[in-house]
1. Enumerate the helices in the chain for which the Kyte-Doolittle hydropathy averages -0.5 or more and the C-alpha atoms extend at least 30 Å along the helix's axis, using complete DSSP H runs.
2. With charges only on Cβ, +1 for K and R and -1 for D and E, what is the dipole size of the range 64-118 about its Cα centre, in debye, rounded to 20?
3. Rounded to the nearest 20 Debye, what is the dipole magnitude of the chain about its Cα centre when Lys and Arg each give +1 and Asp and Glu each give -1 at the C-beta?
4. Just order 137-145, 232-240, 52-60, 278-286 by mean Cβ neighbour count inside 10 Å, highest at the front, would you?
5. From the Cα gyration tensor of the range 118-200, with a ≥ b ≥ c the square roots of its eigenvalues, which class applies: rounded if a/c is under 1.5, or else prolate if a/b is larger than b/c, or else oblate?
6. Please order Tyr217, Tyr247 by the number of other Cβ within 10 Å, starting at the fewest.
7. Fewest Cβ neighbours within 10 Å first, please rank Trp123, Trp482 accordingly.
8. Quickly rank 451-460, 22-31, 339-348 as a protection proxy: mean count of other C-beta atoms within 10 Å, highest first.
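Read-outs throughout are calculated quantities, based only on the coordinates presented, and are distinct from any laboratory measurement. Values in this document were obtained by computation on a predicted structure and should not be read as measured data. Positions of Cβ are generated from backbone atoms using ideal geometry, with glycine treated the same way; all protein chains shown enter the neighbour counts.
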Amino acid sequence: MQPPSAAPVPSSASGSTPLLVEPEVRRLDGVAREVSVPPLVAPVTYGSLADLPFENAEAAPADVVLSRRAEAGKWTPVTAAEFAEQVRAVAKGLIAEGLAPGDRIAVMARTTYEWTLLDFAAWAAGLVTVPVYPTSSVFQTRWILQDTGAVALVTETAAQAAALRPERERLPDLRHLWVIEKGHVERLAESGAHVPDQEVAVRRGVLGPDTLATVVYTSGTTGRPRGCALTHGNFFAEVDNAVELLYPVFKARTREEASVLLFLPMSHVFGRMVAIACVRARVRLGHAPSLKSEDLLADLASFRPTCLLAIPYMLEKVFNVARAKAELGRRVSTFDRAASVAQRYGEALEAGRAGTGDGPGRALRAARAFYDPLVYRRIRNAMGGRVRYIICGGSPLGRRLAAFFVGAGIEIYEGYGLTETTGAATVTPPLKPRMGTVGWPLPGVRVRIAADGEILLAGGPVLRGYWDPQAGGVVPATADGWLATGDLGSLDDEGYLAITGRKKEMLITAGGKSVAPAPLE
């Protein structure tokens, strides 16, 4: 029997090798103005994200789908069957506590196992999750809780809960305040023991792709932040096509088990999207709550991921720290020569894949092999020793830095997106990367460049609307289906997108022309 949320996929997309689907580029006066890539996976027509743990438990109950941090340096494997049972138990606890379908439950925590567990348990109970950054002020947190009318809040620490207790009088809808470090998630699972399993099945059964899954607040560069109302269908359109496109990360089967260590904030849609993709593809997922160098390095060494999520700053830091260590060891000249070789190797590899060159020559391959144990392997070992892929987003990554990591043996998949696009709207195509760009549209997404250079986006992952309690729920985000991003960009002749600036930074000349002060590096 086919899982409820499964959708038929093109036969070419479900095969054993990744596909290269060329984009359709539309031009105006000879200049590329719009680009689209057809979806690799048909849109989901029924079911929800809440079904994923149970589908996995039925299809492959013994597969390890997550690892949970235990004592230092230890990870406890969690099978698909175990995770589904935990999701069901916590969902029953939420039901026992009186949370009704459509109620909002906020989560204020770092990147932890409990975050993902609560996400799926809340969905299984028919709820809507609302992420809150653990660094948010009391005012910011109160605003989000008031705006969504959240009936429950789960904090990671007792200190976070204590800071919010004086605000309870201003939060009449908030009935429950649970604390992860006090064991309240486990108590929830116990409190729902008397709730029949069928109650969870019934609540799951009424959910569909158009059901609201989460309200994620933007950073709010001006005024108050806006709540992006993302549906289960938005996530499926994003995740299913990303899993197919990024075949090497999520679907390739090698001698090494695929695994992702997540350390970017779960309060951001990028981190949650990748967590959902891992559950969807049954790729082992781990959570690293601390970004302190010593803690993160220890987690990388013990978990040994094959894929990481990162922002460009982190990759810059890895490069700079490696060079600084080489300088202390009086090996900086060796490092610089190795960096030059890696950059040239990465660029030659890109040219070979694009058909504009022959790939790395014999001398370049020999030089790379020479420097691998001296420099590149040490960098890979600092990341756990098995990292082969890094998914990078948040801001543009410099071409030279991307080429260095590719030459050092780590593929870089750069993407661009917003909270409103449920994560990535564009991403590097693995079979035809172009460093210095943010790739092609994710399959199923359309990108348009407006007359003033603003990037417009449309497609399955793009939100339907913003949360607006005064209007009774969700109000449409666009009038015509095209989301105005506020970012400036350009398309090359083959449809690759480059980010060039922010629209708010535009200068208006005396002649009325809009110009960006400088392109982004």
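1. 332-354
2. So the dipole magnitude of the range 64-118 works out to roughly 140 debye.
3. Computed about the Cα centre, the dipole is about 1580 debye.
4. Final packing ranking: 232-240, 278-286, 52-60, 137-145.
5. prolate
6. Placing the least packed residue first, the sequence is Tyr247, Tyr217.
7. Trp482, Trp123
8. Taking the mean over residues of other Cβ atoms within 10 Å, the ranking is 339-348, 451-460, 22-31.
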